[in-house]
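To start, the structure itself, in structure tokens.
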Amino acid sequence: MTTTDLPNPTELDETFKIIEDHCDRIYTWNYERSRPQLVTLYNKAAQSQWASVTDLDWSTPVDPESLVSLHAPNLRLMREVTQMPGSPIASWKDKELLQLGLEMFTAMLSQFMHGEQGAMLTAAKIVETVPWIDAKYYAATQTMDEARHTEVFARYIEEKVGEPYPMNPNLEAQITGLLEDSRWDIAYLGMQIVIESLALAAFGDMARKTTEPLLKKLLRYIMADEARHVAFGILSLGEYYQHLSAAELKERQDFLLEHTVNARARSTTPEIWERMGVRVQEVVPFITEAAGKMKQSPFAQFQNGFFAKLVPNVRKLGLLDANDGYLRERWGEAGLLEYEFADATSEDYATYDAVAADRASEPAPA
Ligand SMILES: [Fe+2]
Ligand SMILES: [Fe+2]
């Protein structure tokens, strides 16, 4: 096989996925820097670059058991499952629960890793498809950021945690949809507005809870980058959406409904249970029942963080109120409007900049 041939089908299934993009590539001859907020963001991104090999101490020893707590909501829920009559995990004690917690943790980090690769591909698509030079420049810095994020999660999993899990099919379908779409702004709306709001919430949640110093630092650094990415989406789409027709805006509103209200059911990762030697079909009914009994979703806190970022950003894009408040009405029914004025990610990205903060606190070189 020559180097330009595609891999054979078996290798393709295991190692690669081919995605066909339907969006036009755009070469622009207009180099005028006409979008000052994007220029500022680009300069900030260039100054806040960090490197995984020099900014993170990979020699930090990590005790896998320090990464999970028996008191975390997900393991409290599973302990409840061990105590239910007929439970397939009735014999489990702390040791097995901790092992399960570690597998769940590895599965989550694996989704972060795969999602970051998806973000790298999406940012690269934006470089090619957005018509404005300032946005192309910025998206190029984001592509580099996402490469670094993918690389550090992959290294952390390999060196400190264990065997990674495959990509969750829902996340894979979501990102593939963005990469295939013929409308350039959908890649932005899906990645910068929806997935990166979700990522900021998920990383923030993990960074707050973990006491492991290497993980805490890498999450803080990644969040510094992600906050800029969300701001990039709001600045770019806010301008573009002022010029779309009502019908085009309705498509964007439906896209957001599809990715929030209609997608609230979360899937479990069956591979976790396979690794623990339990049949997933047998345990899921018990988990559902226990979750109902505890009257608290283990994902509640994280979901709040997500909507607190997403809803204000969507309002800024004018998508809550377009078409006589079409999205406002539906999100209102789903109880999401309480977040309308929660966070201001488009303006507060500098407050996330842990890289700049750490550098400012270092002693000046002699
Ligand atoms: Fe990222
Ligand atoms: Fe990002």
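Applying the selection to the range 67-116, what residues are hydrophobic (A, V, I, L, M, F, W, C) and touching a Gly at 6+ places or on another chain (Cβ under 9 Å)? Scanning the range 67-116 gives Leu67, Val68, Leu70, Ala72, Leu75, Met78, Leu102. Remark: pairs (first residue in the range 94-123, polar (S, T, N, Q); second residue part of a helix (DSSP H, G or I) and away from ligand 2 (no atom under 16 Å from the Cβ); Cβ separation under 6 Å; 6+ apart in sequence or on different chains) = Thr106/Val161.
With respect to the conditions (1) more than 16 Å from ligand 1 (Cβ to nearest atom); (2) closer than 23 Å to Ala227 by Cβ, Ser182 falls short on a single one, namely (2). For Lys125, the criteria (1) over 22 Å from Pro270 (Cα atoms); (2) in contact with a Ser or Thr (Cβ under 9 Å, 6 or more places away or on another chain) hold in every case but one, which is (2).
In this structure, Met144 qualifies as under 22 Å from Tyr27 (Cβ atoms) and surrounded by fewer than 20 Cβ atoms within 10 Å (Cβ to Cβ).
I'd like the full set of residues that are assigned to a helix (DSSP H, G or I) and over 14 Å from the mean Cα position of the chain (by Cα), limited to the range 108-132. Across the range 108-132, the qualifying residues are Ala124, Lys125, Ile126, Val127, Glu128, Thr129. Pairs linking a residue in the range 239-250 that is surrounded by fewer than 16 Cβ atoms within 10 Å (Cβ to Cβ) to a residue that is modelled with pLDDT of 95 or more, with Cβ atoms under 6 Å and 6 or more positions apart or on different chains, are Ala246/Asn323. For the range 132-164, residues that are within 16 Å of ligand 1 (Cβ to nearest atom) and closer than 17 Å to His229 by Cα total 13. Which one of these is over 24 Å from Leu235 (Cα atoms), without any contact (Cβ under 8 Å) to a residue 60 or more places away in the chain and of a type outside the set (A, V, I, L, M): Arg315, Arg328, Arg359? Selected residue: Arg359, the only one of Arg315, Arg328, Arg359 that is over 24 Å from Leu235 (Cα atoms), without any contact (Cβ under 8 Å) to a residue 60 or more places away in the chain and of a type outside the set (A, V, I, L, M). Cβ-Cβ contacts under 7 Å between residues 6 or more apart (or on different chains), taken from a first residue in the range 274-295 that is without any contact (Cβ under 8 Å) to a residue 60 or more places away in the chain to a second residue that is surrounded by 13 or more Cβ atoms within 10 Å (Cβ to Cβ) and among the hydrophobic types (A, V, I, L, M, F, W, C), are listed as Val280/Trp273. The condition of being buried (at least 20 other Cβ atoms within 10 Å of the Cβ), within 12 Å of ligand 2 (Cβ to nearest atom) and at pLDDT below 95 does not hold for Ala139. A residue that is farther than 23 Å from Thr106 by Cα, of a type in the set (A, V, I, L, M) and modelled with pLDDT under 90 occurs somewhere in the range 273-295.
Within the range 213-225, residues that are under 24 Å from Ala140 (Cβ atoms) and among the hydroxyl-bearing types (Ser, Thr, Tyr) have Cβ atoms under 8 Å from residues that are modelled with pLDDT under 95 and away from ligand 2 (no atom under 12 Å from the Cβ) in these pairs: Tyr221/Ala354; Tyr221/Val355, counting only partners at least 6 apart in sequence or on another chain.
The values are calculated or read from the model by the stated rules, or taken from the named source; none is laboratory data. Just so it is clear, the structure is predicted and the values come from calculations on it, not from any experiment. When we count neighbours, we look across all protein chains shown, and the Cβ atoms used for this are built from the backbone with ideal geometry, even at glycine.
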